[in-house]
1. Counting alpha carbon pairs within less than 8 Å and at least 6 residues apart, what relative contact order, in whole percent, applies to region 3-288?
2. Taking 0.36 nm per residue of sequence separation and subtracting the Cα-Cα distance, how much length would be gained by fully extending the chain between A30 and K8, in nm to one decimal?
3. Long-range amide H contacts for V168: which residues qualify at under 5 Å (H placed 1.01 Å from N, peptide plane, sequence gap of 5 or more or a different chain)?
4. S276's amide H: which non-local residues (gap 5+, or another chain) put their own amide H closer than 5 Å, with H modeled 1.01 Å from N in plane and none for Pro or chain starts?
5. Over what distance in Å are the Cα centres of region 80-149 and region 184-219 separated?
6. Just subtract the alpha-carbon distance of D95 and E242 from 0.36 nm times their residue separation and send over the number in nm, one decimal.
7. If you count the DSSP beta bridges with both ends in the chain, what percent of them are antiparallel, to the nearest 5?
8. Please work out, to two decimal places, the log10 of the ratio I(q)/I(0) at q = 0.11 Å⁻¹ from a Debye calculation in which every Cα of the chain carries one identical scatterer.
Amino acid sequence: MDLLSFIKENGAVVLDGAMGTQLDKRGLMARGRVNLDSPEAVIEVHREYIAAGSQAIITNTLTMNRIYIETHDLGVSLEEVNRAGVRIAREAAGDKVFVLGNMCSTGQMLEPYGDYTEQQFLDNFKEQAHVLADSGVDAFIIETMFDLAEAVCAVRACKEVASLPVIVGMAFSTDANGGRTMMGNSAEDCARQLADAGADVVGANCGEIGPLEMASLAAIMRSAVSIPIMVEPNAGKPKLVEGKTIFDMSPDDFAAGVIECHGAGATLLGGCCGTSPAHIHALADRLSR
């Protein structure tokens with residue numbers, strides 16, 4: 001069964017939680033490069049999420065597009081690190097769960113705010129999408145997008161590369177005034193424009209709001225479009241403690257908040273920064289009950 005049919009049949013699909021913070025706990029800070037240097041750690045995280053109840057896992061390829069790699073001097077091969085990310089996730093998933101190819105922002109700005117054209121962004125996303133699709137993902141998931149224009153470029157790129165479902169999560173700075181991203185895009189505009197660009201699922205992830213605030217954005221998006229809605233909140237709002245950003249919401253409180261998102265119309269449910277297999281287990285347990 002394909003992912004979209006699975007969503008329609010089940011009504012609620014549990015995604016996984018954060019990869020980065022789980023790798024950090026293992027002393028591995030290089031994120032995408034870990035696919036090459038410590039693949040056993042990545043597959044361990046994937047397996048823990050599957051055991052916790054995830055029905056779809058996300059590849060450890062979040063920032064592995066060419067513009068991000070080169071502007072941040074990451075020193076990895078785009079093709080090698082993305083193929084490794086898919087291979088590891090596939091090994092963990094077997095035939096039990098879906099594998100979603102993870103993409104995100106370039107970390108740069110489009111003209112006139114930055115130096116990049118839409119065509120450069122489009123080519124950038126197409127390159128990564130091609131490698132992910134060729135490596136065997138079941139769908140693309142574009143996460144933590146702050147700029148609607150960049151997100152639209154990413155969706156268009158994925159749709160030009162492969163006939164796979166495309167999921168998009170926008171990062172919102174506030175749930176006030178209909179929700180706003182850092183660039184001032186509203187939740188309604190994001191949902192409508194991304195759907196018009198070809199997205200199969202739209203939603204929200206990360207950002208500066210908690211699970212309960214994200215429920216209000218899920219409701220706005222649900223009323224704006226007919227396609228499925230995704231939420232992946234952080235484990236609460238970010239806090240700065242001794243120079244470090246932490247997320248300290250308990251698994252039970254997180255799960256309760258995501259259930260509110262589900263009640264508001266979200267059907268793909270997962271977690272972002274600070275979430276762990278314990279958070280996903282608490283969510284899956286509440287859904288099963």
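1. Numbers: 646 pairs, mean separation 53.4, N = 286.
Once divided by the residue count of region 3-288, the mean separation gives 19 percent.
2. Values: separation 22, 0.36 × 22 = 7.92 nm, distance 3.66 nm.
Length gained between A30 and K8: 4.3 nm.
3. It is I142, V201, V202, G203, by chain and number.
4. The list, which skips near neighbours in sequence, is A18.
5. About 18 Å separates the Cα centre of region 80-149 from the one of region 184-219.
6. Details: separation 147, 0.36 × 147 = 52.92 nm, distance 4.34 nm.
Roughly 48.6 nm would be gained on extension.
7. On the way: 6 of 31 bridges.
The antiparallel proportion sits near 20 percent.
8. Each listed q corresponds, in turn, to -0.56.
No value in this document is a laboratory result; all are computed from the given coordinates. These figures come from a predicted structure and were not determined experimentally. Here Cβ is always computed from backbone atoms with ideal geometry, including for glycine, and neighbour counts include all displayed protein chains.
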